[in-house]
Amino acid sequence: MPSLQSVAGWVLLAVALFGQENVEAMDDTSAASPTVLITGSNRGIGLEFARQYAQSGWRVIATCRRPSTATDLQAIADEYPTVVIETLDIANPVSVGALADKYEGQPIDVLLNNAALLGDPRPQVFPDIDFDLFERILMTNTVGTIRVVTAFRDHVRASEQKKIVVLGSAAGSISQVSAAPNSYLPYRASKAGLHLIARNLSLHLAADGIAVGLINPGLVDTRGILDLKPGDPVPEQFKPVMPLIEQGVIKLQTTEEAVADIRVRIDELSTEDPGRFMNYDGREMPW
């Protein structure tokens, strides 16, 4: 039986593994509907956000780096005419600027920052850290997110709902770092920095009537682990935590469950209580 200390460490590793990570114009008939722009929409949580918002009648700008390979997202767009797929690499300033210019004057009610780079865990262990990978993770998760917020701030300010959502991670909670495995240091550092940025933004943008939400999605099965059948191969990076998943020590949500919960938190967002770090179920998260 593993000790409580070791279990806590593996749970934080699971947090990193399961946290997150993907048309020319909108249909004029949806002009009165609210609009959401989602980064990283090609799979996992981002894909489910696109599906659920489309089902609710929203206008959806679903972005990812390679739309041509995003077959699941294309299927959603084929089913719902209010979904538009756009190319966006949040780590590329030219890509971000081009999309912001394309949608100049388009109000965006919810700017949903979901895209993130987890990276291979092996070169994220001290002292054998791949610093090129470290920079790519920071440029995506931390710098990329603030770049998107900066580029689309005026779009959000022009909308009715005026909400910016940042998906954080318990892996970036400094107070929860104790006996965790020495892994995913660049990823966890990028999320800790992202949390600070989100808190600053929430205080700064409240004067513009913009509510900024920092939300931890929890442990979400974005890789289909719950769908594995006996004998199916387990991806290498998930092998250390599979026994705890099978024993129920680590409990995963489906993407459908996670997104439904997070949407409740988004609906509740306001400028009256800026700077909170919330769990998907509404509980306060430790910094």
Elements of type helices (runs of 4 or more DSSP H) contained in the range 1-103, each with 3 or more residues being modelled with pLDDT under 95, over 23 Å from Arg157 (Cα atoms) and out of contact with any Cys (no Cβ under 8 Å at 6 or more places or on another chain): 4-18
query: Here is a list of conditions, (1) closer than 19 Å to Asn114 by Cα; (2) surrounded by 17 or more Cβ atoms within 10 Å (Cβ to Cβ); (3) of a type in the set (Ser, Thr, Tyr), and Thr150 meets all of them except one; can you say which number that is?
result: (2)
Enumeration of residues in the range 43-66 that are closer than 17 Å to Val148 by Cβ and surrounded by fewer than 24 Cβ atoms within 10 Å (Cβ to Cβ): Arg65
message: Checking the conditions here, which among Ser159, Ser175, Ser202, Ser190 is of a type in the set (S, T, N, Q), in a loop (DSSP other than H, G, I, E, B) and either modelled with pLDDT of 95 or more or over 20 Å from Ser41 (Cα atoms) (or both)?
response: Ser159
field: Which numbered condition Asp221 fails, given (1) of a type in the set (D, E, K, R); (2) in contact with a helix residue (DSSP H, G or I) (Cβ under 7 Å, 6 or more places away or on another chain); (3) modelled with pLDDT of 70 or more
entry: (3)
query: Is it fair to say Gly119 is at pLDDT below 95, assigned to a loop (DSSP other than H, G, I, E, B) and in contact with a helix residue (DSSP H, G or I) (Cβ under 8 Å, 6 or more places away or on another chain)?
result: yes
task: Show the residue pairs that are 6+ apart or on different chains and have beta-carbon atoms under 6 Å apart, the first residue being within the range 95-121 and on the phi > 0 side of the Ramachandran plot, the second being surrounded by fewer than 23 Cβ atoms within 10 Å (Cβ to Cβ) and at pLDDT 95 or above.
output: Gly119/Leu133
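The values are calculated or read from the model by the stated rules, or taken from the named source; none is laboratory data. As the structure is a computational prediction, the values presented were derived from the model and not from experiment. Cβ sites come from the backbone with ideal geometry, for glycine too, and all protein chains shown count toward neighbours.
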